[in-house]
Structure formats: structure tokens, C-alpha cells
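Heads up: the structure comes next, in C-alpha cells.
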Amino acid sequence: MPTFDFKCTGCSAVFEFHRPFGSTKKPACPECACKDVQKLIAPPSIQFKGEGFYKTDSRKEAEKPVKDTKSDKAAQTAPTAEKKEPGPKPGEKTQKEQKDSKEKAK
């Protein structure tokens, strides 16, 4: 059961009382037995400090690849146009087709 703080309006005594959630029962003051008490709002008793409390903190960090600055600079200065090897002219056979036709002839 949760513990709630109460303050007596008669003698100003502050005390704790255990009661279930949803209960509206107000306790009597332990000092003067007065029934006129107010429930105090208190901060939660649990505090999350440090790492490991969030979804992203509990995972291991993936190893990030180290960038090579020399290769990055070379890639930036290299021309972007790719050189293509000339293909067969229309009507000519590729090397693979020529090889296959020779094997069939044997």
C-alpha cells in the first residue's frame, strides 16, 4: 500500500498514513486526534539518475566504422564519370558467344 503524507489543520503536525489507492478515508491526527486533516502532495520517492533507465540506454552502441580521411578526399577529387569498356558493335558476337560457337564446332 502506498504511503501518503497528511497535515493536521488543528496542530499543524505532519504525519504519514498507509492506505490503498482510490481510498478516500482520512486518518485522525496522531498528535491531537483531530479529524480535520489535509492530504499533502509529495514528490515520488524514486529518482532515476545515471544511465540505463531509457530504452536507448540499455542497448550496446553499434561500432561505428572509422572514416579514412585520405580515401574520402581522394573520392571527392576523383572524377565522377565512370569509364565504360566498349561493348560489341551491332552484329558482332561477344567473346563468350565466340567461345561457345567454337566449342560447338568441335
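Nothing in this text is a laboratory measurement; each read-out follows from the coordinates by a stated rule. Note that the structure is predicted; figures quoted are calculated from it, not measured. Because the Cβ atoms are built from the backbone with ideal geometry, glycine has one as well, and the counts that use them run over all protein chains shown.
Net charge of the neighbourhood of residue 17, taken over other residues with C-beta under 14 Å away and scored Lys/Arg +1, Asp/Glu -1, is +3.
Counted by Cβ distance under 15 Å from residue 39, the other residues give a net charge of +2, where Lys and Arg count +1 and Asp and Glu count -1.
The stretch between residue 15 and residue 47 holds 9.3 nm of extra length on full extension. This uses 0.36 nm per residue minus the Cα-Cα distance.
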